[in-house]
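Student: Take this structure first; my questions come after.
The values are calculated or read from the model by the stated rules, or taken from the named source; none is laboratory data. Everything numeric here is computed off the predicted structure, so don't read it as measured data. Cβ sites come from the backbone with ideal geometry, for glycine too, and all protein chains shown count toward neighbours.
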Amino acid sequence: MLFLFSLLSFFFVVSGQTFNCSQPETFNDNRINSTQWKLAQFNVEWLFTEPYSSCPGICDWNTSEEEWEHLNTIKSVLYELNADTIHLCEVQSCTQLEEVKPSTLYNSYMVKGNDTYTGQNVGLITKIDPMYKLVRTEDRYSYPIKNSICGYDETGTEGVAKHLITDFYINGISIKLIGAHLLSNPNDPEACSKRESQVQVLQKVIQDAINENYEVIMIGDLNDFDENIPDVNNNTPKSKVLDILKGNVGDYANYTLYSVGNMVSQSERYTEWYDANENCIVDKEDFSTLDHMLMTKRLYDSIIDVNYEHIYQQSCNTFQSDHYPLMVTFEFA
């Protein structure tokens, strides 16, 4: 009986969902090169290993075995990337962050969101610890925003269900990192309208950080296109999402953020595969850029390399992600 109790206790310790990894307990810097910082954005596509109403369900993994195969495949991708800090989208909890870490050089961080439909969250694995506890804002903003052309007339308010806000101090620079996964479906009028409200919430966070003399990075799966930096298929946005986040328009448009997208050729600008006709054939027309990294000028000027990491082939049978990682390398003198 004692053995059975111990076995069950072990099972619950290693298998449950946990959300207790928002507070740094160490302040380590395990970067291999202390003058560089390699930062990546990666939507890892339903990184779940515990039962949830959405997965198995609306996610792509039908069994626990498939979930674990997916997690271990993503773990191999992360090992190959070898980034210093990685912002991950579509993660179930801190448990899965711990399970997917490619080495003990990384620590895991997450602040629980409120997307109860999918159960997805955003999180970080990082070789350099943040300075303070991860936080989020519960602010909401009315939709449709002024002068919206999304084509959705119903009114309401929207917040950012999946996001995190944290601080890094890297090579003498105070950095506010804001990570988010916005509402999906770039061309849907309702999602477009609500996404514009989500980024109005984030715009205030960005402006507040700049007012406090932080350098800022806005990173994530923004589920929208950049009209000024076209992707491989020249997808154009219906929304003002990227314009608002860059500080071009909006209630707090008193700053400028710069996209890393223009540092690579247009032919390389794609982070997501969507098989719209469900024929399981990978066509060039299936690709778009939904994952973005925006930042203040000082950080932008410190970039020495940008890569859209097309390091695996897409297919209907893959255990990788339907997204590709986006990695940026900074050099700090």
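Student: Could you tell me whether the stretch 58-75 includes any residue that is buried (at least 24 other Cβ atoms within 10 Å of the Cβ), under 26 Å from residue 313 (Cα atoms), in contact with a helix residue (DSSP H, G or I) (Cβ under 9 Å, 6 or more places away or on another chain) and of a type in the set (Val, Ile, Thr)?
Tutor: no
Student: Could you give every pair whose Cβ atoms fall below 8 Å, whose first residue belongs to the stretch 215-233 and is within 19 Å of residue 194 (Cα to Cα) and touching a residue at least 40 places away in the same chain (Cβ under 8 Å), and whose second residue is among the hydroxyl-bearing types (Ser, Thr, Tyr) and surrounded by fewer than 23 Cβ atoms within 10 Å (Cβ to Cβ), counting only separations of at least 6 or pairs across chains?
Tutor: 223/184; 225/236; 225/288; 226/259
Student: Continuing with this model, one more query. Among the residues in the stretch 196-211, are any in a loop (DSSP other than H, G, I, E, B), surrounded by fewer than 16 Cβ atoms within 10 Å (Cβ to Cβ) and at pLDDT 95 or above?
Tutor: The initial filter retains those residues of the stretch 196-211 that are in a loop (DSSP other than H, G, I, E, B), namely none.
For the stretch 196-211, residues in a loop (DSSP other than H, G, I, E, B), surrounded by fewer than 16 Cβ atoms within 10 Å (Cβ to Cβ) and at pLDDT 95 or above: absent.
Student: Restricting to the stretch 160-203, name every residue that is among the acidic types (Asp, Glu) and over 18 Å from the mean Cα position of the chain (by Cα). Can you show your working first?
Tutor: Within the stretch 160-203, the subset among the acidic types (Asp, Glu) is 167, 188, 190, 196.
Result: 188, 190.
Student: In the stretch 132-173, what count of residues is obtained for those that are surrounded by 15 or more Cβ atoms within 10 Å (Cβ to Cβ), outside any strand (DSSP E or B) and polar (S, T, N, Q)?
Tutor: 3
Student: Counting only residues that are over 16 Å from residue 74 (Cα atoms) and not hydrophobic (A, V, I, L, M, F, W, C), which one in the stretch 309-333 is nearest to the chain's Cα centre (by Cα)?
Tutor: It comes out as 329.
Student: Quickly run through the stretch 62-87 and pick out the residues that are in a loop (DSSP other than H, G, I, E, B) and modelled with pLDDT of 95 or more. Lay out the reasoning, then the answer.
Tutor: Keep residues of the stretch 62-87 that are in a loop (DSSP other than H, G, I, E, B), which gives 62-63, 82-84.
82, 83, 84 - these are the residues of the stretch 62-87 that are in a loop (DSSP other than H, G, I, E, B) and modelled with pLDDT of 95 or more.
Student: Please specify each residue of the stretch 1-55 satisfying the condition of being outside any loop (DSSP other than H, G, I, E, B), touching a Lys or Arg at 6+ places or on another chain (Cβ under 9 Å) and either at pLDDT below 70 or not hydrophobic (A, V, I, L, M, F, W, C) (or both).
Tutor: Within the stretch 1-55, 29, 38 qualify.
Student: Are there any pairs with C-beta distances below 6 angstrom linking a residue in the stretch 155-168 that is at pLDDT 95 or above to a residue that is small (Gly, Ala, Ser) and in a strand (DSSP E or B), with the two at least 6 apart or on different chains, and if so which?
Tutor: Cβ pairs passing all conditions: 157/142; 160/180; 163/180; 164/179.
Student: Taking the conditions exactly as written (surrounded by fewer than 20 Cβ atoms within 10 Å (Cβ to Cβ) and either more than 30 Å from residue 238 (Cβ to Cβ) or modelled with pLDDT of 95 or more (or both)), does residue 90 satisfy them or not?
Tutor: Numbers: surrounded by fewer than 20 Cβ atoms within 10 Å (Cβ to Cβ): no; either more than 30 Å from residue 238 (Cβ to Cβ) or modelled with pLDDT of 95 or more (or both): yes.
No; evaluated as a whole, the condition is false for this residue.
Student: Take residue 317 and tell me if it is on the phi < 0 side of the Ramachandran plot and modelled with pLDDT of 95 or more.
Tutor: Details: on the phi < 0 side of the Ramachandran plot: yes; modelled with pLDDT of 95 or more: no.
It is false that residue 317 is on the phi < 0 side of the Ramachandran plot and modelled with pLDDT of 95 or more.
Student: Still on this structure, I have one more. Among the listed residues 174, 197, identify the single one that is in contact with a Gly (Cβ under 9 Å, 6 or more places away or on another chain) and of a type outside the set (D, E, K, R). Write out each step before concluding.
Tutor: Working: 174 fails: in contact with a Gly (Cβ under 9 Å, 6 or more places away or on another chain).
Sole residue among the options that is in contact with a Gly (Cβ under 9 Å, 6 or more places away or on another chain) and of a type outside the set (D, E, K, R): 197.
Student: Condition first: surrounded by fewer than 20 Cβ atoms within 10 Å (Cβ to Cβ) and more than 14 Å from residue 91 (Cα to Cα). Now tell me which residues in the stretch 36-55 satisfy that.
Tutor: Within the stretch 36-55, 36, 53 qualify.
Student: Within the stretch 183-195, how many residues are closer than 16 Å to residue 163 by Cα and in a loop (DSSP other than H, G, I, E, B)?
Tutor: Our first condition is that a residue be closer than 16 Å to residue 163 by Cα; within the stretch 183-195, this holds for 183-184, 194-195.
Add one more test, that the residue is in a loop (DSSP other than H, G, I, E, B), and what stays is 183-184.
Result for the stretch 183-195: 2.
Student: So which of 227, 278 is surrounded by fewer than 22 Cβ atoms within 10 Å (Cβ to Cβ), of a type in the set (D, E, K, R) and at positive phi? So that I can check it myself, show each step before the final result.
Tutor: Values: 227 fails: at positive phi.
When all the criteria are applied, what remains is 278.
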